[in-house]
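Note sheet for the following structure.
The values are calculated or read from the model by the stated rules, or taken from the named source; none is laboratory data. Every value quoted in this text rests on a predicted model; they were computed, and no experiment measured them. Positions of Cβ are generated from backbone atoms using ideal geometry, with glycine treated the same way; all protein chains shown enter the neighbour counts. Side chains included, ligands, DNA and RNA excluded: accessible areas come from the protein's heavy atoms. Shrake-Rupley method; radii C 1.70, N 1.55, O 1.52, S 1.80 Å.
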Amino acid sequence: MPLHGLTVVDASTLFAGPLAAMILGDYGADVIKVEHPAKGDPARGHGPSKDGVSLWWTMLGRNKKAVTLNLGTPEGAAVARRLLSKVDVLIENFRPDTLERWGLAPEALREANPRLVIARVTAFGQHGPYRDRPGFGTLAEAMSGFAAITGPADGPPTLPPFGLADGIAALSCAQAIMTALYARERTGHGQIVDLAIIEPMLTVLGMQAMAYDQLGLIQQRHGNRSVNNAPRNTYRSRDGKWLAISTSAQTIAERVMHLVGHPEVIAQPWFATGAGRAAHADLLDSHVGSWIAARDADDVIAAFTQAQAAVAPIYDIADVFADPQYQALDSVTAVDDPRLGPVRMPNLLYRLSETPGSIRWTGRDLGQDNHDVLGTWLGLPDEELETLREKGII
């Protein structure tokens, strides 16, 4: 696999860091998940479970070896230093100065292992007035401007019902780690990645910062409409199903208006740009909405598809499971779990033609790989492991 030979220590919890480590593990990295021996990763108790098995952890812990180690003790920190002297990447999300307080300062770790890449994932970053504040992805969704533009115009700012900021930060973290590793091939040295969860959201929100800087514009809430083009909304069909359409391309917008029987608007000067169409969203939505409301969803989708216009049904997860395109891509794939049997979870993020990744196992029990990793691989004798276990260090 493409990351074969890369060893990653995942000492992070909930959710950006562990998800980044999962992505690296999916493509062949040897990921060692380090957890507190008494508490474990909170993901083990997060969300729904079946027969006492956390479904979140079953996915988030996939392709990781489970090791317990109390980093906050001198003995645990000593073991960690030995471990980190042999690996390529450390992912951590403790509050700033926590590693330093435990005697695991990144500078000291990199002195012992100059090739080590250390990814530090925190809510607000390693410096600035908020650095010491606790925080989760929800705060990033609030502070980035995402919540302010999400929801209907006459409703409250709206937060996503899942870890959006954490997910975007995880993708950013994995990419940052690979960038640092690529640089290491030239320089021979690792480096520190400082990733603040509040920042990647700014990038995916597009040119809002530039629009404010150059024009003083502050985007407002417009429900499902776009400020950049129209028609773009969700529409209800005759049989009560919801559909979404987008007309980001001019040609698509023209096809839609031909399809719904209102080609006359295409000749209007304002129709020539996305911004112009967005300014006339009420008119365009009335044309499109009434056309869709008079037809069943399957007929709408068929007509849009024949016209080469963009449309999609609004799915819940049951619809995702049943959809033939997702099935063809194996987007939700079956994996054997020793406790639950076959389980279905999101597959790898992308397919590589020559060096594909794979899901080799699901999340393991707390400390399941202590002996293999700390004993066989790191070289701690059985007597020392037993002493550490008796003291609650592992």
Of 371, 287, 262, 4, which has the most accessible area with a 1.4 Å probe, and how do the rest follow in descending order? 4, 371, 262, 287
Select from the stretch 98-207 those chymotrypsin sites (Phe, Trp or Tyr not before Pro) which occupy a DSSP coil region and have at most 12 other Cβ atoms within 10 Å, ordered by residue number. 162
Mean residue ellipticity at 222 nm from the helices of the chain, using -39,500 (n - 2.57) per DSSP H segment of n ≥ 4 over the full residue count, to the nearest 500 deg cm²/dmol? -10000 deg cm²/dmol
Pairs over 29 Å Cα to Cα, from 65/391; 39/86; 86/391, come to none
Per residue accessible area in Å² of the stretch 61-167, where ligands, DNA and RNA are left out and the probe is 1.4 Å: 44
Rounded to whole Hz, the Karplus (6.51, -1.76, 1.60) HN-Hα couplings of the stretch 37-53, x for glycine and proline: x, 9, 9, x, 5, x, 4, 5, x, 9, x, x, 9, 10, 6, x, 9
Distance from the Cα centre of the stretch 202-271 to that of the stretch 1-58, in angstrom? 39
Non-local amide H neighbours of residue 241 (under 5 Å, H modeled in plane, Pro and chain starts lacking H): which ones? 297
The stretch 17-33 - phi-based ³J(HN,Hα) in whole Hz, Karplus 6.51/-1.76/1.60, Gly and Pro as x: x, x, 5, 4, 5, 4, 4, 5, x, 4, 10, x, 5, 7, 9, 9, 8
Hand me the GluC sites (Glu not before Pro) from the stretch 343-394 located in a DSSP loop with no more than 14 other Cβ atoms within 10 Å, in residue order please. 354
Cleavage-rule hits (chymotrypsin sites (Phe, Trp or Tyr not before Pro)) in the stretch 278-357: DSSP loop, at most 10 neighbouring Cβ within 10 angstrom: 350
Probe 1.4 Å - accessible area at residue 19, Å² to nearest ten: 40
Taking Cα atoms only, Rg over Rh for the stretch 1-91 with Rh from the Kirkwood formula is 0.98
Please give the helix 250-259 orientation as an angle from the longest Cα principal axis of the chain, in degrees from 0 to 90, rounded to the nearest 10. 50
Relative contact order, percent, of the chain when contacts are C-alpha pairs under 8 Å separated by at least 6 residues? 20
Among bridges DSSP assigns within the chain, what percent are antiparallel (round to 5)? 40
Ranking by accessible area, most exposed first, for 30, 299, 323, 41 with a 1.4 Å probe: 299, 30, 323, 41
Ranked order, 59, 143, 257 - accessible area, probe 1.4 Å, largest first: 143, 59, 257
Taking θ = phi - 60°, what integer Hz values does the Karplus form 6.51 cos²θ - 1.76 cosθ + 1.60 yield along the stretch 155-172, in sequence order, with x for Gly and Pro? x, x, x, 10, 8, x, x, 7, x, 4, 4, 4, x, 5, 5, 5, 4, 5
Per residue value of the accessible surface for the stretch 181-262 (all protein chains in place, 1.4 Å probe), Å²: 60
Leaving ligands, DNA and RNA out of it, report the carbon-plus-sulfur percent of the accessible area of the chain at a 1.4 Å probe. 56
Before I look further, what does the stretch 263-394 give for accessible area per residue, probe 1.4 Å, in whole square angstrom? 58
Output the Kirkwood hydrodynamic radius of the stretch 115-272, Cα pairs only, in Å rounded to one decimal. 19.0
Rounded to the nearest 10 Å², what accessible area does residue 283 show when all protein chains are kept and the probe is 1.4 Å? 70
Label corresponding to Kirkwood radius over Cα pairs in Å when calculated from the structure given, among (i) 23.3; (ii) 20.9; (iii) 23.9: (iii)
